[in-house]
1. Of the residues in the range 227-277, how many are among the aliphatic types (A, V, I, L, M) and under 18 Å from the mean Cα position of the chain (by Cα)?
2. Quick check on Ile100: is it assigned to a helix (DSSP H, G or I), buried (at least 21 other Cβ atoms within 10 Å of the Cβ) and out of contact with any Ser or Thr (no Cβ under 9 Å at 6 or more places or on another chain)?
3. If you go through the range 356-376, how many residues are more than 19 Å from the chain's Cα centre (by Cα) and either surrounded by 21 or more Cβ atoms within 10 Å (Cβ to Cβ) or within 18 Å of Glu20 (Cα to Cα) (or both)?
4. Out of contact with any Gly (no Cβ under 7 Å at 6 or more places or on another chain), modelled with pLDDT under 95 and among the charged types (D, E, K, R), is that true of Asp333?
5. Of everything in the range 335-380 that's polar (S, T, N, Q) and in a helix (DSSP H, G or I), which residue is farthest from Asp24 (Cα to Cα)?
6. Within the range 384-409, track down each residue that is assigned to a helix (DSSP H, G or I), buried (at least 18 other Cβ atoms within 10 Å of the Cβ) and among the aliphatic types (A, V, I, L, M).
7. Please specify each residue of the range 28-64 satisfying the condition of being among the hydroxyl-bearing types (Ser, Thr, Tyr) and at pLDDT below 95.
8. Select from the range 82-97 the residues that are part of a helix (DSSP H, G or I) and in contact with a Leu (Cβ under 8 Å, 6 or more places away or on another chain) and list them in ascending order.
Amino acid sequence: MKNPKTVEQAYQIAKEAYAEFGVDTDEAIKKMEEVNISLHCWQADDVGGFETPDSELSGGGIQVTGNYPGKARTIEQLRADIEKVMSLLPGKQRLNLHAIYGDFQGEKVDRDQIEIKHFQSWVDWAKKLGIGIDFNPTCFSHPYADDGFTLSSKNEKHRKFWIEHVKRTREIAAEIGKQLGKPSVNNIWIPDGSKDIPVDRAAHRALLKESLDEIFKTEFPKEYLRDSLESKLFGIGSESMVVGSHEFYTGYAVRNNKLICIDSGHFHPTEQIGDKVSSLLLFVDELLLHISRGVRWDSDHVVIFNDEVKLIAEEIVRANALKRIYVGLDFFDGSMNRIGAYVVGTRATQLAFLFALLEPTEKLREYEENGQYFERLALLELLKTKPFGAVYDYYCLINDVPVGEDYITVIENYEKEVLSKRS
């Protein structure tokens, strides 16, 4: 276990090292209060949900790999796991909840019939923890999504079903935001697309626009609800065309003043989504970011502290946009301890934001304005060797959560005492 005095001593050395660059580490830690990460509930149970007993994922563009023992199978288990995760993280988090995670009490409730009563126990739980909840429609893993189309379906019965579902999730999200006193982000992602080469792309996109127009007819106070739209380059079963492309949703969001959700696993591997932040913020009030990690064709690996997530955080901080960004995680890995995956991914995201907040941005801008590109590059390189890890350790210490590798032992013990006993 880390010695608190050693952590404090290392922090003082780091504080002095950053002060040489004109950076106040105490101020950077204070700014971390604005980084409120929304934890995705589906990492704990492989996107199964609780619509029916022993719910299992059944397609629709989502696939979880791995069968590591101990996944959550009940609401009580899921909540216990999320509470354990939060106990290992500094700062405040939120919960991102999908519609299939309702407290249905064994009753079969189809998605066009869900109400706030099916999620009230989640709201009450969140009140006790003092956290906010984001809420998403679940437009996959349903018989009406088996043909690969939902809000853009040419089957009018199916399309109206999904319109009603999303309408109800907006109502529920607004009520959640009202009760918790924190706006709930309702993010729409659909798997709609074509496996092979389509001819009538325009018709499906026209139907999607028509569906969204119908869904957004009812307005809710912004202090209760934020609407967001999430694109994807391709998915399983939609390799040739995704209806809700980045261009489609960007155009729709700008015209209708909605949030654009950028998922770091939903673009071409050579694209840097951090580069999109400053452009989009010129045209929309706020952005939702889903931090993930794409590996080859798969978009949802556990987040690590890599160049991609670092650039995302840097661009947000450099644009002074922390208060205009909602940050959520979106990965699902069933091949390892799911609690460990949560903590690694969240801490990596926090590390990226802290690293960005420890940057002497004004000095770097000065070099840039003066055409001092060697000096700019040299300083950026020097920052990579600065002891930002010691600052993060101190951030954990003052938040009374495990420092450094200490959380590994805690998770291993939780696995022995709790996860290993689940059937």
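1. The first filter runs over the range 227-277 and keeps only residues among the aliphatic types (A, V, I, L, M), leaving 229, 233, 236, 241-243, 253-254, 259-260, 262, 273, 277.
Filter once more, so that each one left must be under 18 Å from the mean Cα position of the chain (by Cα): 229, 233, 259-260, 262, 273, 277.
Final tally of qualifying residues: 7.
2. Values: assigned to a helix (DSSP H, G or I): yes; buried (at least 21 other Cβ atoms within 10 Å of the Cβ): yes; out of contact with any Ser or Thr (no Cβ under 9 Å at 6 or more places or on another chain): no.
Criteria not met by Ile100.
3. Going residue by residue through the range 356-376, those that are more than 19 Å from the chain's Cα centre (by Cα) are 357-376.
From the residues that got through so far, the ones that are either surrounded by 21 or more Cβ atoms within 10 Å (Cβ to Cβ) or within 18 Å of Glu20 (Cα to Cα) (or both) too are 357-367, 375-376.
Qualifying residue count for the region: 13.
4. Working: out of contact with any Gly (no Cβ under 7 Å at 6 or more places or on another chain): no; modelled with pLDDT under 95: yes; among the charged types (D, E, K, R): yes.
No: the conditions fail for Asp333.
5. Thr346
6. Here is the first cut: in the range 384-409, the residues assigned to a helix (DSSP H, G or I) are 388-398, 406-409.
Add one more test, that the residue is buried (at least 18 other Cβ atoms within 10 Å of the Cβ), and what stays is 388, 390-397, 407.
Listed by number, the residues that qualify are Ala390, Val391, Leu397.
7. From the range 28-64, those among the hydroxyl-bearing types (Ser, Thr, Tyr) are 38, 52, 55, 58; that's our starting set.
Matches in the range 28-64: Thr52, Ser55, Ser58.
8. First, pick out the residues of the range 82-97 that are part of a helix (DSSP H, G or I): 82-87.
Matches in the range 82-97: Ile82, Glu83, Val85, Met86.
The values are calculated or read from the model by the stated rules, or taken from the named source; none is laboratory data. Please read these numbers as outputs of a predicted model, since none were measured by experiment. Cβ: placed from backbone, ideal geometry, glycine included. Neighbour counts: every protein chain shown.
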